[in-house]
1. Note down the Stokes-Einstein diffusion coefficient of the stretch 1-73 in µm²/s, whole number, using a Kirkwood radius over alpha carbon pairs, 37 °C, and 0.692 mPa s.
2. Can you work out D for the chain in µm² s⁻¹ from Stokes-Einstein, where Rh is the Kirkwood radius over C-alpha pairs, the temperature is 25 °C and the viscosity is 0.890 mPa s?
3. Checking the cross-link filter: which lysines have an alpha carbon closer than 28 Å to that of Lys43, excluding same-chain neighbours under 8 positions apart?
4. With charges only on Cβ, +1 for K and R and -1 for D and E, what is the dipole size of the chain about its Cα centre, in debye, rounded to 20?
5. For Cα pairs less than 8 Å apart in space and 6+ apart in sequence, what is the mean separation divided by the residue count of the chain, i.e. the relative contact order in percent?
6. Hey, got the dipole for the stretch 55-95? About the Cα centre, +1 on K and R Cβ, -1 on D and E Cβ, debye to the nearest 20?
7. So, in Å, what gap is there between the alpha-carbon centers of the stretch 91-118 and the stretch 8-24?
8. Ignoring any ligand, DNA or RNA, what whole percent of the accessible area of the chain comes from carbon and sulfur when the probe is 1.4 angstrom?
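The values are calculated or read from the model by the stated rules, or taken from the named source; none is laboratory data. On a predicted model such as this, the values are computed, not experimentally measured, just so you know. Neighbour counts run over all protein chains shown; Cβ positions are idealised from the backbone, glycine included. Side chains included, ligands, DNA and RNA excluded: accessible areas come from the protein's heavy atoms. Shrake-Rupley method; radii C 1.70, N 1.55, O 1.52, S 1.80 Å.
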Amino acid sequence: MSEFNPGERAYVPVSRVDGLDSWDFALQQTEILEREANSVKVKLDDGTASDWIGVSLLHKKVGVLIINIGDLSTEEYLMDPLAKSVGQFCKLLIPDDQFRQIRVRSLEELKILWHKEQGIYSHVIWIGHGKSNGIHFAVDGWVGPEKIKRALHVRGGTKKTYISLCCKNGYRDFGGELSRSTMCKNFIGPFHSVDGATASQFCQTFLTKHFLGGSTPKVSFREARNATPGNVSFRLWKGGGLESTTD
């Protein structure tokens, strides 16, 4: 059976549906009342049915986790401002119980927190120092994709979209490999070094296009890059294969 059937609940962008007037957040969860082909009607705030809207605007599960990987040297002037920039934007999208920021400085700390809460999240944003085959942790030094995959593996866990804002994580050695994980639906990362301001804008634009515009991850990825100034290149990986590039 397909998703988004009558009686199920889904998140919809309030700006795209007349009659959803709770504007505290950009996404609101409501009930699906009718479905016909690729269109649905959802319950409005007054209990009546909406006009027909495209299924592409609906999201079954929405939750964002920002993982701020500390290095004890650039946290105050780079990592924390970047995490706060993206985090404040996410707070405008979804309620606090669907969003969390964590700071970790070791792989073991990440593993403990991940296994406790990963089930809540559909999208994971990585903030830290990266290179073509790893991410730097203050305690462990450079950690490659195989160790990260093992740390994040949860039996029966749901796949998530990973968005890395760490430099050079878009290389095959890291992004391509991590996208093979049983916990990864898509992996997005920069192919070159990227400054914090550009990384923040790219991430926010991607989330806007995907959550509010109803675009697929692949389309949202390309739209985000087209809207981001400069020559920074990003990569989108899926199942170990290169899905899209912004060169």
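1. Numbers: Rh = 13.4 Å.
Once the numbers are plugged in, D ends up at 245 µm²/s.
2. Reported coefficient: 132 µm²/s.
3. Lys60, Lys61, Lys91, Lys160, Lys209
4. Working: 31 positive and 28 negative charges, 194 e Å.
Once rounded to the nearest 20, the dipole reads 940 debye.
5. On the way: 533 pairs, mean separation 37.8, N = 247.
Averaging sequence separation for qualifying contacts and normalising by length gives 15 percent for the chain.
6. Working: 4 positive and 4 negative charges, 92 e Å.
I would put it at about 440 debye.
7. Distance between centres, Cα-based: 26 Å.
8. Carbon plus sulfur share of accessible area: 48 percent.
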